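First up is the structure itself, then whatever we jot down about it.
The values are calculated or read from the model by the stated rules, or taken from the named source; none is laboratory data. Since we're looking at a predicted model, the values are computed, not measured. So basically every Cβ, Gly included, is an ideal-geometry build from the backbone, and we count neighbours across all protein chains shown. Only protein heavy atoms, including side chains, enter the accessible area calculation; ligands, DNA and RNA are left aside. Shrake-Rupley method; radii C 1.70, N 1.55, O 1.52, S 1.80 Å.
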Amino acid sequence: TDLRPLDILSEAVPAGGLAGGMRVFQVQGVRGFQLSASRPRALGFPASRLFIHCDRFPEEFSIIVTLRALRGPAKRNEYIFTLMVEESPSVLVGLRYGPDKLHFLFWSQERAGGWQTRVTFPNVSLSDNQWHTLILAVSGQSFSLTVDCSIPKDVVVETPFPASLSVRRASFYLGNRRRRKGVFTGLLRQLVLLPGADATPRICRAVNFKVAALSVPTVLQDVPAKPVSNEVLKYPYETEMKLTLGARPRCSKQEKAQFWFNASRRGLYLCNGSTWVSMLEVQHRLDYVEEYQNLVTNSETMGIEVFTIPKVGLFAAMANRVTPPGSAIYKWTDGKFVHYQNIPTCQAQSWKYFTIGKKIFLAVANFEQNERGQEFSVIYKWSRRKAKFLTYQRLSTHSARDWEAFVIEGEAFLAVVNHREGNNHNIDSVIYRWNPRTGLFETNQTIPTSGAYDWEFFTIGPYSFLAVANTFNGTSTKIHSHIYIWLSGSFQLFQSILTFGAADWEVFHIGDRVFLAVANSHSYDSGMPAPSNFYAINSSIYELNITAQMFVKFQDLLTYSALDWEFFSVGDDSFLVVANSFDGFTFSVNSIIYRWQGYEGFVAAHHLPTVGCRDWEAFHTAEGSYLFYSSAKEPLSKVLKLKTT
């Protein structure tokens, strides 16, 4: 079998130009074709131009597609390509996608006629305005789909792909089935047929899996950043400009050549594929930190969640310790946080803001029982009519410390950290999955934890991870915290890291490097001699080692009963601030901002007086950048303003 890739997309593009019904768009630094629905036949060509020596479709093959499907309620199927015989409505071979599904179609022929077989791959979410590369490998009755080089989805059907499928008088059609209905509305970058082989090993060597290429039309390939002369572009294309008023967006190869206008800093930036390069603005640098607002709270505050409700405003939810009057939500009004709503809570530990579609939620982790002796943590839903949060769902928890919300393959999840049940710290924490039919969260998986404090979800390439901070197993704080990886529909252990009363994980990126910082709160072991100071211990920063496929220690920093890390940026500089809460003698202890110094790692830059510091939140408004800290020892939290030069 000839293993030369057959580039279907390039074959449809005339030499030196574009076919009718084609436009070139550049999005996220990557170019693709937008196909017109008005002339579907113009986007076709005879199959004989690819199958020169044989008029039979390969019995074993791979189809490689790179596309960007539009976000939205895709209620209909859209065709990526079809192979059809002239004057026949039947599809010999085709690929189409619908809501969260991908369908591969083929025609099975017999003497008495034939029938069409459809192979369906469920839970394939493509309509997210992101680039994706699909590899469909076909061999007999076995069909395997790999999306962005993640875990393959395998399907076995009764009807095998035909061993001798004639393509005589057949034509390929891009993005349609020779009709206007069902035309592909997104962008198409790559469409390749590789006979006789599974293309996955050849494709999944790329750095950026989502746009990995085997063969891409010349018109869609990158051009030099600067033309070699004053000539105009040989292949003009259209692009889009990214505009934001909030935090710095991601800049990767997908966003290459995109612009970002930061209104708060009056700066225009260009993504070069890894970092935002300033085009107009003089770079800001952090000079010093000043006290901006003293916020008197209902009681001591265990955690802060700062969030923005679109078209409503910026809010801060405070997890207050004392049950009556509960916890408070504040709204940013005229440059200050002003009380907005009270919510009954039971020794609240933290809040988590998240959205599912157009629904807006806020979940609280309650540590104690209510007045009826029931122990629930509660999910609240934003009412647009009443402009406040209302009770939506109660979930049974055990001294809950934290919530984490995340999405995997288009499905929404919510994970709770259960700290202890009675005096037993070795209990299960729970991961809930959103059921769109019932509109409720349902138990999906339980994970054993030990006096856990925190969940941290993050993604690296196509892989999803969930890290738990285990604090105390009943006898010692010197225990392993765990990182789990999502495989085959559940979280499985990926790596264990020795921690000392771990209270928080913080994941962050600096350029292409991925870091994970743990806040160690205290060192205690009932079977060992007491140290000179339980609370003055190192917290650690780990870096992902791609070769070893694990996190390795990068740096130790001396902390004092650290309870939280918060990563933030000012201009091109990166910072970490730690919540030091107790030094063994007093709760009045400095929390420290560390500046990223490259080869030196993180170096202490600013010492901030705090009292029982429990949580840090960084946020931005049109007026500037701020840090917000909560105190677990007094009913007073502080907003600090970052002054720049």
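Each residue, N426 and Q221, gets one label point 7 Å from its Cα in the Cβ direction; the gap between the two is 6.0 nm. How much of the accessible area of the chain, in percent, comes from carbon and sulfur atoms when a 1.4 Å probe is used? Looking at the chain in its full context, I get 50 percent from C and S.
Sort segment 6-220 into rounded, prolate or oblate with this rule: let a ≥ b ≥ c be the square roots of the eigenvalues of the Cα gyration tensor; rounded if a/c is under 1.5, and if a/c is not under 1.5, prolate when a/b is larger than b/c, oblate otherwise. It is rounded, given that a/c, with a ≥ b ≥ c, falls under 1.5. Checking (i) 25.5; (ii) 29.2; (iii) 27.4 against the coordinates, the calculated Kirkwood radius over Cα pairs in Å falls under label (iii). Mind running the shape call on segment 548-645? Use the C-alpha gyration tensor, a ≥ b ≥ c as the square roots of the eigenvalues: rounded below 1.5 for a/c, prolate if a/b tops b/c, oblate otherwise. Because a/c hits 1.5 or more and a/b fails to exceed b/c, segment 548-645 counts as oblate. Simple spin-label estimate for V338 and M550 gives 5.5 nm between the two label positions (7 Å along the Cα-to-Cβ direction from each Cα).
At full extension, V157 and S383 could sit 76.7 nm farther apart than now, given 0.36 nm per residue minus the alpha carbon distance. Computed from the Cβ-Cβ distance with R0 of 41 Å, the FRET efficiency linking K331 to S476 stands at 0.40. Straight-line reach from K101: which lysines fall under 28 Å, measuring Cα to Cα and dropping same-chain residues less than 8 apart? Within the straight-line limit of under 28 Å, K101 reaches these lysines: K75, K153, K181, K210, K253, K358, K359.
A dipole drawn for segment 129-182 from +1 and -1 charges on Cβ atoms has a positive end, and of P162, A137, G175 the residue lying farthest that way is G175.
With θ taken as phi - 60° and the Karplus curve 6.51 cos²θ - 1.76 cosθ + 1.60 applied, the whole-hertz 3J(HN,Hα) list for segment 167-181 is 10, 4, 6, 9, 9, 8, 10, 8, x, 6, 10, 6, 9, 6, 6 Hz, x standing for glycine and proline. Adding -39500 (n - 2.57) for every DSSP H run of four residues or longer, then dividing by how many residues the chain holds, sets the calculated 222 nm ellipticity at 0 deg cm²/dmol.
Extension gain for the segment L18 to A622, taken as residue separation times 0.36 nm less the Cα-Cα distance, is 213.0 nm to one decimal. The solvent-accessible area of H480, taken with every protein chain present and a 1.4 Å probe, is close to 90 Å². Loop-resident trypsin sites (Lys or Arg not before Pro) (DSSP state other than H, G, I, E or B) in segment 405-511 with no more than 11 further Cβ atoms inside 10 Å of their Cβ: R437.
Averaged over its residues, segment 286-644 has an accessible area of 41 Å² per residue, based on protein heavy atoms and a 1.4 Å probe. Given +1 at the Cβ of Lys and Arg, -1 at the Cβ of Asp and Glu and no other charges, the dipole of segment 286-644 around its Cα centre is 1340 debye to the nearest 20. Entry note, the chain: relative contact order of 10 percent, from Cα contacts under 8 Å with a spacing of 6+ residues. Label zone (S164, point 7 Å along Cα-to-C-beta; backbone nitrogen cut-off 14 Å) within segment 47-91: 55-59. Once the C-beta distance of S38 and S90 is scaled by a Förster radius of 25 Å, the resulting FRET efficiency is 0.55 to the nearest 0.05. Of the chymotrypsin sites (Phe, Trp or Tyr not before Pro) found in segment 500-542, none is in coil by DSSP with at most 14 other Cβ atoms within 10 Å of its Cβ.
Amide hydrogen proximity for F534: with H placed 1.01 Å from N in the peptide plane, no residue at 5 or more positions away or on another chain lies under 5 Å. Distance between the 7 Å Cα→Cβ label points at W115 and T185: 3.3 nm.
With a Förster radius of 30 Å, plug the Cβ-Cβ distance of R285 and T459 into 1/(1 + (r/R0)^6) and report the FRET value to the nearest 0.05.
Here the calculated transfer efficiency is 0.50.
Annotation: the antiparallel percentage among DSSP beta bridges lying fully within the chain is about 95.
Would segment 286-644 count as rounded, prolate or oblate if I go by the C-alpha gyration tensor, calling it rounded below 1.5 in a/c and otherwise prolate when a/b exceeds b/c, oblate otherwise? Verdict is rounded for segment 286-644.
Entry comment: accessible area of segment 6-220 is 42 Å² per residue, from protein heavy atoms only and a probe of 1.4 Å.
Taking the chain as a whole, the Cys residues whose C-beta sits 4.7 Å or farther from every other Cys C-beta are C54, C346, C613.
So for the chain, taking the charge dipole from beta-carbon charges (+1 Lys/Arg, -1 Asp/Glu), which of S125, F51, W351 sits furthest toward the positive end? The residue sitting most towards the positive pole is F51.
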